[in-house]
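The values are calculated or read from the model by the stated rules, or taken from the named source; none is laboratory data. Source: prediction; values computed, not measured. Cβ sites come from the backbone with ideal geometry, for glycine too, and all protein chains shown count toward neighbours. Note: areas computed on protein heavy atoms with side chains; ligands, DNA, RNA excluded. Shrake-Rupley method; radii C 1.70, N 1.55, O 1.52, S 1.80 Å.
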Amino acid sequence: MTLHQLLQEGASSLARAGDTEAKLDARRLLLEAFHLDMTHFLMNRMQVLEQTRDVGAAADRYREMIRKRSRRIPLQHILGSQDFMGLTFRVNEHVLIPRQDTETLVELVLEEHKDRNKKVLDLCTGSGCIAVSLSVLGGFEDVTATDLSFEALKVAKENAERLLDQGRAIRFLQGDLFDCLETRFDIITANPPYIATGVIRNLAPEVRDHEPRMALDGDEDGLCFYRRIAAKAGEWLEPGGCIYLEIGYDQGLAVSRLLEETGFENIRIVKDTPGLDRVVYAEGGRNV
Ligand code: GLN
């Protein structure tokens, strides 16, 4: 048996299960199970493996991971992590897996705000990927992050503890959007649930069956959380404060309109790398 044969075996199981990245996923799992780096794999993949107990255990680990992935469990849940903004975040079934789309929002805030004293609030923080990236890469000293899910906050806290420098911390609060807050902020960010309920059944099984519904479901029209955020955010912003909301590619106009109706100004829609509407920016807002 060679690593190459194991790879072929795993990749064909995954392809049969409908995994569109069968070969890449199988290779990633093989490297993980055998604790190999890519160079070692490429140089040794045709060598017949010794039949030691360690090799047997690694092959068992690999086949078990292939079985899981064949059930369309996301690769990130099997590996337990996802890279985002160059940082490795722990993930599990209680948090949305950080998406590259969301890097657009983080990059925008980093580009537009160099003052580390600005107070930042991240709503629906999930894994904490936005809050932690802003703290680590932007150096923001005062970051608060909220989520309704206690289990998500556990993951976010663990990520903060692992990734923030010693002596730095993020304030994590459990609550429904602004419920648990007491002070105002200069910057509010959010990647709220924004998929319309009826669309969820058409998503890939990885997302539909394994990612938390409460992180995805934006109610009938997908806009429920934007409505609630637009109505309340003004109350929680310092004068001159601003908000950055991640949106679905077709929600730019609807979300801009919601913000306009609640007194926000200088509204901008920002595109992601593939050129789709991805973030809405706005300033001000009033309490309605
Ligand atoms: N972008 C995510 C997806 O397409 C959805 C994220 C969200 O609802 N906030 O699965």
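Tell me whether region 78-89 contains one or more residues that are of a type in the set (Val, Ile, Thr) and within 16 Å of the ligand (Cβ to nearest atom).
no
With respect to residue 226, determine if the residue is assigned to a loop (DSSP other than H, G, I, E, B) and hydroxyl-bearing (Ser, Thr, Tyr).
Taking the combined requirement at face value, the residue does not satisfy it.
If you go through region 58-116 one residue at a time, how many are among the basic types (Lys, Arg) and crowded, with 20+ Cβ neighbours inside 10 Å?
Looking only at that region, the number is 1.
I'd like to know if region 60-75 contains one or more residues that are of a type in the set (A, V, I, L, M), within 11 Å of the chain's Cα centre (by Cα) and at pLDDT 95 or above.
no
In region 252-286, what residues are loosely packed, with under 15 Cβ neighbours inside 10 Å and either of a type in the set (Lys, Arg) or touching a Ser or Thr at 6+ places or on another chain (Cβ under 9 Å) (or both)?
257, 268, 271, 273, 286
State all residues of region 224-251 that are open to solvent by less than 20 Å² (accessible area, probe 1.4 Å) and farther than 30 Å from residue 117 by Cα; if no residue qualifies, say none. Walk me through how you get there before you give the answer.
From region 224-251, those open to solvent by less than 20 Å² (accessible area, probe 1.4 Å) are 226, 229-230, 233-234, 237, 241-248, 251; that's our starting set.
Passing the criteria: 248, 251.
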